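One structure is given here, and the rest of the page talks about it.
The values are calculated or read from the model by the stated rules, or taken from the named source; none is laboratory data. In this text the structure is predicted, and so the values were computed from the model without any measurement. Heads up, the Cβs are rebuilt from the backbone with ideal geometry, glycines too, and the neighbour counts pull from every protein chain shown. Remember, those area values only see protein heavy atoms, side chains included, never the ligands or the DNA or RNA. Shrake-Rupley method; radii C 1.70, N 1.55, O 1.52, S 1.80 Å.
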There are 2 protein chains.
Amino acid sequence: MSTLGTKGPVLIIGTGLLGASLGLALRSGGIEVYLDDISPTSLLLARDLGAGQPRPQEAAFAPSLVIVATPPDIAGQVVLTALEEFPEAIVTDVASVKSSVAEVVKNGATEQQITRYVGSHPMAGRERSGTLSADVTLFTGRTWVVVPTDRSTAEAILSVRTLASDLGCYLVSMGAAEHDRAVALVSHVPQLVSSLLAARLAEAGDLDLELAGGGLRDTTRIAASEPRMWTAITMANAPQILPFMKEIRGDLDYLIGALGELSESESLSSTQATVTIGAGGAIAKVLHEGNEGVARIPGKHGGAPQSTVEIGVALTDRPGELSRLLQAVETAQVNIEDLRIEHAPGQALGLAWLVVAKTKAQYLMDYLEAAEWRLVAA
Amino acid sequence: MSTLGTKGPVLIIGTGLLGASLGLALRSGGIEVYLDDISPTSLLLARDLGAGQPRPQEAAFAPSLVIVATPPDIAGQVVLTALEEFPEAIVTDVASVKSSVAEVVKNGATEQQITRYVGSHPMAGRERSGTLSADVTLFTGRTWVVVPTDRSTAEAILSVRTLASDLGCYLVSMGAAEHDRAVALVSHVPQLVSSLLAARLAEAGDLDLELAGGGLRDTTRIAASEPRMWTAITMANAPQILPFMKEIRGDLDYLIGALGELSESESLSSTQATVTIGAGGAIAKVLHEGNEGVARIPGKHGGAPQSTVEIGVALTDRPGELSRLLQAVETAQVNIEDLRIEHAPGQALGLAWLVVAKTKAQYLMDYLEAAEWRLVAA
């Protein structure tokens with residue numbers, strides 16, 4: 001971070017996880033950082049962690065950039081106050097839902113003030129919150145969505161883009177409505193659906209759960225997320241989430257209709273399930289549409305879905321076994337696109353699934369077999 | 001496989017992926033295996049792969065064990081025929097839904113025949129089907145559910161348990177109804193929900209999908225499964241799947257009600273989202289129930305959920321980087337419970353998330369930092 005383009009001084013308002021982490025990262029790049037927070041405890045804690053100095057109170061204080069990192073429900077109001085107090089500063093906020101903030105700014109700011117505002121959404125992990133969890137690398141390698149309004153100046157946009165790229169983020173630019181719809185689709189709706197699915201496990205017997213495989217684990221992993229934060233996000237973005245949830249309900253009704261028809265035909269003729277063509281077609285349709293949807297998710301590096309295959313390798317459950325496997329892959333000079341580990345319940349054996357380009361798969365399989373690794377069927 | 005307990009000869013009826021893989025595995029352990037299939041092509045292909053010999057047609061042929069590995073909709077009928085033709089043999093089938101098969105057997109078999117039947121569900125991956133995909137390791141490390149009827153003899157049950165354990169499987173025992181309910185909950189319902197969620201992505205813009213993170217990828221991974229096989233499974237187990245899907249619809253209706261209330265209040269007072277306490281509570285309830293459900297999934301080795309944490313490490317996207325990281329972990333003598341890789345779209349940097357026991361986390365983090373790995377915040 002020796003060549004930062006961001007011009008100081010920067011004022012960060014709100015010294016929770018995001019604000020304090022921003023301070024740490026900017027200061028590690030030599031930027032002059034000042035902090036403000038309505039909680040004196042949080043402010044001093046952030047200062048002690050090295051995130052910056054409490055802001056000076058004199059009228060001459062003139063930051064180049066103000067970053068509002070308060071809770072989202074007051075972000076708009078805080079942005080307005082900052083635009084008013086610092087008539088030269090560029091102002092951004094890091095709330096994860098953008099339309100409501102932009103609305104407050106549009107309705108409350110003057111013509112000149114509004115041009116200096118650009119929204120941000122750094123998509124950094126937030127499983128833990130609070131100043132004490134601040135981390136200088138919180139933003140490294142994450143996507144930062146820059147959300148200008150139709151009134152933002154090029155200078156203001158550039159300033160926020162420079163900030164994001166100084167922090168090691170990958171930049172994406174979108175309007176507020178477009179952003180909120182996108183995060184509803186790729187983040188908020190999956191979160192809620194995962195929770196709805198995982199809630200069913202409350203009724204599971206212990207033995208039922210012994211049959212749980214990678215599919216259940218994957219689909220319910222994010223159901224472990226922090227409810228308070230996700231309630232706030234869901235509430236803020238309800239208008240964008242609602243249509244998607246209604247679509248899911250439409251498809252679910254269709255599926256339940258088919259399942260009901262099949263259950264009935266089975267009880268009528270219990271020795272041989274009657275094949276109900278219409279119901280089978282309805283189920284197949286749901287599964288096909290799922291195939292088409294998942295195929296749209298870009299592969300690594302944001303490109304088109306890559307043509308990859310999974311190679312399964314049986315592992316004994318000793319430290320180092322996986323490392324030895326990856327050394328073998330390295331020696332074969334094949335790049336691993338992804339990797340997941342599957343454990344058989346109740347026993348020590350594990351399976352490692354190496355995701356590699358289709359073009360490299362046969363070569364790698366032959367190589368690993370020759371090196372006496374035990375490949376398993378996909 | 002030098003000490004197999006299974007007594008031959010074994011007759012396998014149906015030489016697709018499962019049947020041919022069973023033949024390969026049993027023969028690799030020195031068991032005498034015979035094959036049957038209504039498709040002569042599939043039968044000869046399985047023989048040429050080394051899965052066994054076509055069954056002799058003479059009356060003296062008397063297998064000790066018959067494994068029915070036909071498509072599930074005819075499995076019951078084929079079990080009946082086998083019980084009739086081989087009056088001394090133990091007969092099992094490997095269909096993934098058990099009640100319908102058991103029903104056919106109970107309704108069609110004599111008192112003596114019924115005692116020799118025990119159902120099986122080897123939970124082996126089946127993304128690809130067909131004889132040519134057969135693999136001697138298909139069952140290694142997988143769970144095999146043994147599903148006796150209330151009439152199965154101890155000898156018949158032992159014979160099927162021995163088969164499963166010879167194949168390297170982890171054994172679970174359940175009744176047919178209990179089995180079908182369990183797989184509905186931990187496998188069929190997650191599959192359908194994942195498909196319903198992924199179907200929404202058909203409407204996504206390319207830019208929307210650039211915001212996709214690990215949560216979307218995890219929740220929709222199994223939506224890429226083969227629709228034909230899953231349609232058959234869903235149809236066969238509709239009566240067990242239906243109640244869970246109805247429960248999800250109930251919760252979804254509740255959530256949609258809350259989202260609707262919030263969307264309305266926002267449009268009434270667009271400058272400041274009105275906090276609707278009831279609606280927020282409804283959303284929080286759904287998220288909390290998700291937390292409780294996911295906490296019930298057993299950790300590695302089938303035990304209680306383990307106390308693990310994720311440690312994030314930034315990686316450059318070169319072959320060998322991950323291997324070097326795991327070597328470092330090995331040198332630190334810490335066992336990795338799980339591992340996942342996250343790629344930032346559009347850039348080469350990746351994050352590796354090491355899942356380790358909570359008790360080892362601080363030590364490993366200190367160790368990796370000392371070795372100059374770049375740790376990132378969770």
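Quick notes on this structure:
- Just so you know, in region A:227-242 the residues that are more than 7 Å from chain B (Cβ to nearest Cβ) and farther than 10 Å from B:A284 by Cα include one that is most open to solvent (accessible area, probe 1.4 Å), and it is A:Q240.
- If the condition is being surrounded by fewer than 24 Cβ atoms within 10 Å (Cβ to Cβ) and not hydroxyl-bearing (S, T, Y), then region A:68-81 contributes A:P71, A:P72, A:D73, A:I74, A:Q77, A:V78, A:L80.
Residue by residue, here is whether (1) in contact with an Asp or Glu (Cβ under 7 Å, 6 or more places away or on another chain); (2) at the interface with chain B (Cβ under 9 Å from one of its Cβ atoms); (3) open to solvent by less than 50 Å² (accessible area, probe 1.4 Å); (4) modelled with pLDDT of 70 or more holds:
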position	(1), (2), (3), (4)
A:Q272	no, yes, no, no
A:A282	no, no, yes, yes
A:R296	no, yes, no, yes
A:K300	yes, yes, yes, no
A:P319	yes, yes, no, no
A:V329	no, yes, yes, yes
A:L339	no, yes, yes, yes
A:A348	yes, yes, no, no
A:L351	yes, yes, yes, yes
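- Checked against (1) more than 27 Å from B:Q240 (Cα to Cα); (2) under 14 Å from the mean Cα position of the chain (by Cα); (3) of a type in the set (A, V, I, L, M, F, W, C), B:V136 passes all but a single condition, namely (2).
- The residues of region B:207-226 that are within 7 Å of chain A (Cβ to nearest Cβ), surrounded by fewer than 21 Cβ atoms within 10 Å (Cβ to Cβ) and not acidic (D, E), listed by number, are B:L207, B:L209, B:G213, B:G215, B:R217, B:R221, B:A224.
- Subset tally (residues that are in contact (Cβ under 8 Å) with a residue 60 or more places away in the chain and hydroxyl-bearing (S, T, Y)) for region B:142-169: 3
- Residue in region A:144-152 that is closer than 30 Å to A:T231 by Cβ and small (G, A, S) present: no
- Residues (touching a strand residue (DSSP E or B) at 6+ places or on another chain (Cβ under 8 Å) and among the hydrophobic types (A, V, I, L, M, F, W, C)) located in region A:21-40: A:L22, A:L26, A:I31, A:V33, A:L35
- Filter result for B:A204 (within 7 Å of chain A (Cβ to nearest Cβ), surrounded by 21 or more Cβ atoms within 10 Å (Cβ to Cβ) and not aromatic (F, W, Y)): no
- Residue in region A:45-82 that is nearest to A:N237 (Cα to Cα), counting only those that are of a type in the set (V, I, T) and touching a residue at least 60 places away in the same chain (Cβ under 8 Å): A:V78
- Those helices (runs of 4 or more DSSP H) of region B:39-113 in which at least 3 residues are over 20 Å from B:D135 (Cβ atoms), considering only elements entirely within it, cover B:72-85, B:99-108.
- Region A:11-35, residues that are touching a Gly at 6+ places or on another chain (Cβ under 8 Å) and either in a strand (DSSP E or B) or without any contact (Cβ under 8 Å) to a residue 24 or more places away in the chain (or both): A:I12, A:I13, A:V33, A:Y34, A:L35
- Just so you know, in region A:1-24 the residues that are within 25 Å of the chain's Cα centre (by Cα) and open to solvent by 20 Å² or more (accessible area, probe 1.4 Å) include one that is modelled with the lowest pLDDT, and it is A:M1.
- The number of residues in region A:51-67 that are small (G, A, S) and open to solvent by 70 Å² or more (accessible area, probe 1.4 Å) comes to 2.
- Region A:25-50 - residue that is hydrophobic (A, V, I, L, M, F, W, C) and under 19 Å from A:D93 (Cβ atoms) and, of those, most open to solvent (accessible area, probe 1.4 Å): A:I38
- Candidates in region A:1-10 are the residues that are touching a residue at least 24 places away in the same chain (Cβ under 8 Å) and in a loop (DSSP other than H, G, I, E, B); of these, the one that is farthest from A:G141 (Cα to Cα) is A:P9.
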